[in-house]
Structures are given as C-alpha cells and as structure tokens.
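So the structure is just underneath, and the comments pick up after that.
Coordinate-derived values only; no laboratory data. Nothing here was measured: the structure is a model prediction, and the numbers come from that model. Virtual Cβ from ideal backbone geometry, glycine too; neighbours counted across all protein chains shown.
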Ligand code: E4P
C-alpha cells in the first residue's frame, strides 16, 4: 500500500521523505490556504521532494476552465497529478487529460457509483473521503469495500486512494480491504510508528544497558 502525505507543508513533507515511506503527496485548496503560499511555487517545491504523484487541484467549475488550469498545473513538473472534482465537468476533464497521458485524481467521492463513473472516465486515482463520510453518519470503510469489489469485478486500473483519513484505524482498515493508497496528514503517518510497549521496551533496554557500563564503539 502506498502512503501519500495530505499536506502542502514542505518541511513536513521533507521530513517524511527522509523515512523512505513517502510515495506521493496530495494537496487541495484548503491545504494551499493553510500553507500561505502561492500554488505554483509550493507545488513545484513539493514535486522536488518526491518522485511520486503530487496532486494539485483545479478550481474552475466548467470543463473548459478546468482544462485551462490543468494546462498550467501540469507544466509545473512531470509528477503533477491533476485533481478534479467528481462532477460531470470534472469527469469530462478527467477523460480528456488521461487520454492525453496525464495523471488524474478524482476527488470528493462519497459513493461507490461515483467511483464507478470515475473509473470509466479513466481516472488514475479515485479519492473517497472516509473521515468526512464517517462525520456525517455514514460508514466510510464500507464505501472502500464496495469500491474494491466493483473495481475488481471489472478489472479497473484506477487506484483507490483513501482520503480524509483521521487516525491509524482508518489506515489499518484500508490495508485490510486492499486499498491501493492512503493519504493522511503527517501527524497520522507519524502516529503509526508509536506503540506504548515499544516505548516501555526501549526504556527498559536503555536502563539495563546503562547498568552494564558498556559503550558500543
Ligand atoms: C484528499 O485528497 C483530501 O485533500 C483530504 O484527504 C481531505 O481531508 P479532510 O476531510 O481531513 O479535509
């Protein structure tokens, strides 16, 4: 399973890249706002921090406007993945861009039928938002199960990119279901390293080691 960082914070991305765990990055207009930086400038910097796909989102609502913005965004770097919303115009744009060899991430997916449409439009990635689904009284993970089943039934290549991840259990469930990618805030990815018994074990080993009076090297 691939790990994408859901952030436009370049310091956090560089830090995660050093672990060797980073397979790509996703951004959205809210994350660009949070970074306080120009979308072109920050996306270019992020593309230099990972070889994996870096999603940059269009904000036009119509197909022509989305294509115009996508042209600008895809010139930033070869690893830019154009993010489009799950609307009729978004999927028209998805079809046009993927037919032309660009990567496309279809975002704001909240139903398995929407995911089916995105796959038929040739999406490289579909982004179902599990956290926001849960927040609204739905079961985000059953959505992922449905999409996995449907994509496997028909042999679609579209990768399931589980988005709006809130905690480690979402990551675990996504891995159990066989999702292709998760995108999560760096804090959630870093949280996966943690276990209270790892900390306790380290503490005990270090205490015993100090008692030996030895040093390595
Ligand atoms: C995905 O690409 C989105 O940027 C993101 O996962 C949305 O997450 P949120 O619901 O925490 O804003």
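Using the alpha-carbon centroid of each, what span in Å lies between the stretch 156-217 and the stretch 47-95?
Answer, in whole Å: 31.
Using 0.36 nm per residue, how much length does the chain from residue 11 to residue 34 gain when fully extended, once their Cα-Cα distance is taken away?
Contour length minus Cα-Cα distance gives 6.9 nm.
What 222 nm value per residue comes from the helices of the chain, counting each DSSP H run with n ≥ 4 as -39,500 (n - 2.57) and dividing by all residues, nearest 500 deg cm²/dmol?
Value at 222 nm, helices only, nearest 500: -15000 deg cm²/dmol.
Would you please calculate the Kirkwood hydrodynamic radius of the stretch 2-212 over all C-alpha pairs and express it in Å, rounded to one decimal?
One decimal place: 17.9 Å for the Kirkwood radius.
With label points built 7 Å along Cα→Cβ from the Cα atoms of residue 152 and residue 135, find their separation and express it in nm.
3.0
Within the stretch 19-39, find all residues whose amide N lies under 12 Å from a label point positioned 7 Å from the Cα of residue 206 along Cα-to-beta-carbon.
No residue passes the distance filter.
Can you work out the PRE-style zone for residue 75? Point 7 Å along Cα to Cβ, and I want the residues of the stretch 24-53 with backbone N under 17 Å.
Residues 39-45 qualify, since their backbone N sits under 17 Å from the label point.
Provide 160, 46 in ascending order of the number of other Cβ atoms located within 10 Å of each residue's Cβ, fewest first.
Ascending Cβ contact count within 10 Å gives the list 160, 46.
Over the stretch 72-217, what is the relative contact order in whole percent, taking alpha-carbon pairs under 8 Å and six or more residues apart?
With pairs under 8 Å counted, the relative contact order is 15 percent.
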